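The values are calculated or read from the model by the stated rules, or taken from the named source; none is laboratory data. Please read all numbers here as calculations on a predicted model, not as lab measurements. No Cβ is skipped: glycine too gets one built from the backbone with ideal geometry, and neighbour counts run over all protein chains shown.
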Amino acid sequence: MVPEVNLLDCLYIPLGLLTAPVWMRKRREGWEQRFGHVAEMFDDSNFGPDRPRILLHSVSVGEVNALRAIVPILATDAEVFVSVTTDTGLARAQSLFEGTGHVHIVRYPLDCSWMVDRFLDLVCPDVVALVELEVWPNFIKRCVKRSIPIGIINGRLSERSFKGYRKIRPLLRPTFARLSFACVQDEDYATRIGSMGVPEDRIRITGTMKWDSISTAPLHEPSERAQAIASEMGVDLGRPIVVAGSTGPTEELLMHESVPADVQLIIAPRKTERFEEASAMVPGAIRRSSGVRAPEGTTRFILDTIGELSSVFELADIVVMGRSFNDQFGSDPIEPAALGKPVIIGTRYGDFESSVGLLRSVNGIRIETRESLSSAISELLRAPDQRRAMGESARSCVRDQQGASAEHARELMGRVKRA
C-alpha cells in the first residue's frame, strides 16, 4: 500500500536530505523504530482489556526525569507508554521504568505522516501528553484526526525559545490550536503558549513536575548506590566534595580552576559526545568509565556515564550547575536542591528562570559569575553552617512546590474518561 503523503511530508524529505551532513555526525540508534516500527519494544499480550493507554512523550533525559512521580501514579489504572527521542533519554527511561508493571518504553517516530500512523496503529493511545513542549505538526494532526486527546503537561516556553517560535508563529498557530489542553508551569509560560495559538480556556497553570521528581526526606548519609560509586571511583567521603553537574563547553576547565586543588571535584558533562573533550580539559582526572579506582589523594574525577549523576549529587558538599557559565541557558537545579545541597548556578539560567527564582527567594541558591565562582566555592567550603542553612531552605522550597504530578495525572485520567 502506498503511504499517504501530505505537503508537510514533501517539505520534510528534502529538508532531511539537505541537513543530513549535520545530523549524521551524531551516532543514533534505532532507526527502524524511529520509522514507527515499535512493536518489538513492548508486548501487548499482557495488557489488561479494560486498561486505557496513556502516552507520555519526553524528548531527552531532563523530560524523562520529570516523569518519575507521575508514571507510577498512572500505572495503577492505565498502560503507560513513555516515548523518547534521544538515545540518552531512552537509556534513562529504561533505567527508571523498565521492569515496572504496565509501563512500556518506546522511541518516538519521525514526523512523516505514514511513520506517525504506523506508530499510532501499534501503540493505540487513548490520550497523549507532550512533556514540556514538543509540538510536531503531523503527530498532533494525526492524533486529532483519530479523536485522540493530545496536549501539553509540565508546559514551558522560555523567553529565548519563544523568540524563535514567534518568528514562525503563522506556520505553528494551527498546530498549537489543535491541542486539547495545556498544563503549564507558571503565568509567563501560559501567556507565551497562549500567544502561540492555544485557546485560553484550554490552558491551566499546574506547576512543574520536576519538584516531585525526588524525595525531600533528610539525607543523613549517601545511599548504598552512591557509596558504591564513590568506592569504585576512589572518592574519599571523609574529604570535601564539589560536584559540577551537566557542564557544557569551557566549563570543565572553569570548574577545575575554580575548585581548590586539594578539594575533590567530580565533573559530569551534559553531552556524551563531549566526554573526551571534557576529560582533556582536566589534567589527571580519573574517568568513571575507565573502571580504574583512583589512587589515594586524587582530586579530579569525570563522571562519563549515564544515569549516575543523581546518586553522585548525594556525595556533594557543594553542587555547581553547569551550562550556566556559557551561552547554553542553564541546567535544572531542583534535584540537588531537593537533596538539601547548597547549589551555585551561573548567571545564564534563562531556561530555568522559574525554579531558580523560587529557590533564590528563600536563599536556597547562589548566582555567581565566572569571575566570582572560585571565591564563592571557597567561602562555602569554610562555612558548614551556611551550607546547611542553604540546603535546608532549598529542600523546604522544593517541598512547598510539590504536587504537580498528581494534578497532571488527574487531568490525563479525566481526559481518558471523557474520550
- Task: Would you check which residues across the range 237-276 are out of contact with any helix residue (DSSP H, G or I) (no Cβ under 8 Å at 6 or more places or on another chain) and either at pLDDT below 95 or of a type in the set (D, E, K, R) (or both) and list them?
- Result: Arg239, Glu251, Asp262, Arg270, Lys271, Glu273, Arg274, Glu276
- Taking Glu29, is it acidic (Asp, Glu), modelled with pLDDT of 85 or more and not in a strand (DSSP E or B)? no
- Query: Across the range 215-226, what is the number of residues that are in a helix (DSSP H, G or I) and out of contact with any Asp or Glu (no Cβ under 8 Å at 6 or more places or on another chain)?
  - Reply: 2
- Go through the range 293-308 and count every residue that is over 12 Å from Ala230 (Cα atoms) and either basic (Lys, Arg) or surrounded by fewer than 20 Cβ atoms within 10 Å (Cβ to Cβ) (or both). 8
- Within the range 360-389, work out how many residues are in a loop (DSSP other than H, G, I, E, B) and in contact (Cβ under 8 Å) with a residue 12 or more places away in the chain. 5
- Task: Kindly list the number of the only condition in (1) under 28 Å from Gly330 (Cα atoms); (2) surrounded by fewer than 22 Cβ atoms within 10 Å (Cβ to Cβ) that fails for Thr100.
- Result: (1)
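Anything in the range 57-92 that is within 18 Å of the chain's Cα centre (by Cα), outside any strand (DSSP E or B) and among the polar types (S, T, N, Q)? List them, or say none.
Going through the range 57-92, the residues within 18 Å of the chain's Cα centre (by Cα) turn out to be 57-72, 81-92.
Next, only the ones that are outside any strand (DSSP E or B) stay: 59-72, 85-92.
Those that are within 18 Å of the chain's Cα centre (by Cα), outside any strand (DSSP E or B) and among the polar types (S, T, N, Q): Ser60, Asn65, Thr85, Thr86, Thr88.
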- Query: Which condition breaks for Met115 when tested against (1) closer than 21 Å to Asn138 by Cβ; (2) part of a loop (DSSP other than H, G, I, E, B); (3) not aromatic (Phe, Trp, Tyr)?
  - Reply: (2)
- How many residues of the range 40-53 are modelled with pLDDT under 90 and part of a helix (DSSP H, G or I)? The answer is 3
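Among the residues of the range 246-262, what is the count of those that are more than 26 Å from the chain's Cα centre (by Cα) and crowded, with 18+ Cβ neighbours inside 10 Å?
Total satisfying the criteria: 2.
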- Note on the structure: Counting only helices (runs of 4 or more DSSP H) wholly inside the range 235-316, the ones holding at least 3 residues that are out of contact with any Ser or Thr (no Cβ under 7 Å at 6 or more places or on another chain) and closer than 23 Å to Glu221 by Cβ are 309-313
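So if I check each of Leu380, Leu339, which one is in contact with a strand residue (DSSP E or B) (Cβ under 7 Å, 6 or more places away or on another chain) and hydrophobic (A, V, I, L, M, F, W, C)?
Leu380
Please count how many residues of the range 163-196 are among the hydrophobic types (A, V, I, L, M, F, W, C), surrounded by fewer than 19 Cβ atoms within 10 Å (Cβ to Cβ) and touching a residue at least 24 places away in the same chain (Cβ under 8 Å).
From the range 163-196, those among the hydrophobic types (A, V, I, L, M, F, W, C) are 168, 171-172, 176-177, 179, 181-184, 190, 193, 196; that's our starting set.
Then keep just the ones that are surrounded by fewer than 19 Cβ atoms within 10 Å (Cβ to Cβ); that gives 168, 171-172, 177.
Subsequent filtering for residues that are touching a residue at least 24 places away in the same chain (Cβ under 8 Å) retains 172.
So the answer is 1.
Take Ser95 and decide whether it is under 19 Å from the mean Cα position of the chain (by Cα), among the polar types (S, T, N, Q) and either in a strand (DSSP E or B) or surrounded by 22 or more Cβ atoms within 10 Å (Cβ to Cβ) (or both). If you could, list the steps in order and put the result at the bottom.
Details: under 19 Å from the mean Cα position of the chain (by Cα): yes; among the polar types (S, T, N, Q): yes; either in a strand (DSSP E or B) or surrounded by 22 or more Cβ atoms within 10 Å (Cβ to Cβ) (or both): no.
Here the answer is no, as Ser95 does not meet what is asked.
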